[in-house]
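The values are calculated or read from the model by the stated rules, or taken from the named source; none is laboratory data. Here the structure is a predicted model, which is why all the values come from computation and not from measurement. In this analysis, Cβ positions are derived from the backbone assuming ideal geometry, glycine residues included, and neighbour counts consider all displayed protein chains. For accessibility, only protein heavy atoms count, side chains too; no ligands or nucleic acids. Shrake-Rupley method; radii C 1.70, N 1.55, O 1.52, S 1.80 Å.
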Amino acid sequence: MKRLLLFLAGTAAVQVAAAQGLQVTRNPVADASASRSAAAPTVVRVLSTRSHMQCPLPGKNTRLLSIDSPREWEDTIERQDEVTALGRKVRWARERVLVYALESKPYAGVRLDSPSRVIRLAHGVLYWPVRQVQPETGANKASVLTRPCVMTTIDRAYWQRIKVVPARP
């Protein structure tokens, strides 16, 4: 009988604490290790990458976006299907496409590259390493309007923000 009363009292205390918005910790060691593993960075696998000198994304300004579905692809990317733009078909149920485009340039030679095979995901931020390759100093630059971009197909994951970071040489 004593055990039953103790159990009911403990259950009532947990319910009261939950109603007041308090967190009840039952095993501090287990809770601490769970919070450490939740905060640990993970990696998202890169499945394919393709650079473009003339981005199929409309506009002239710098843009960074994630495309989630074939419908969003059709609404976002102009004049190119997935195979033409990415070199492969996207399996939308398991994959997403990232696009990073620079502002329009009045000359050729600037290129974006994403050399990494994984992208780090930590605290809801996807850190995408991208390298900007400039034309050689003193090289003749063709005077033509370009808009370089890079497209990457990755495993489907969840994040709140994408941050482009410089890729290591």
Of THR84, SER48, VAL97, whose Cα points farthest to the positive end of the dipole of the range 44-101 (charges on the beta-carbon: +1 Lys, Arg; -1 Asp, Glu; origin at the Cα centre)? SER48
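With the other protein chains left in place, how much accessible area per residue, in square angstrom, belongs to the range 64-124 at a 1.4 angstrom probe?
Details: 3140 Å² over 61 residues.
I get 51 Å² per residue for the range 64-124.
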In Å, the Kirkwood hydrodynamic radius from C-alpha pairs for the range 36-143 sits at 15.7
To make sure I understand the rule: partners must be aspartates and glutamates, Cα under 16 Å from the Cα of LYS60, and not fewer than 8 residues away in the same chain. Which ones qualify? GLU78, GLU103
Name the aspartates and glutamates eligible as straight-distance cross-link partners of LYS105: C-alpha to C-alpha under 17 Å, and not fewer than 8 places from it in the same chain. ASP113, GLU136
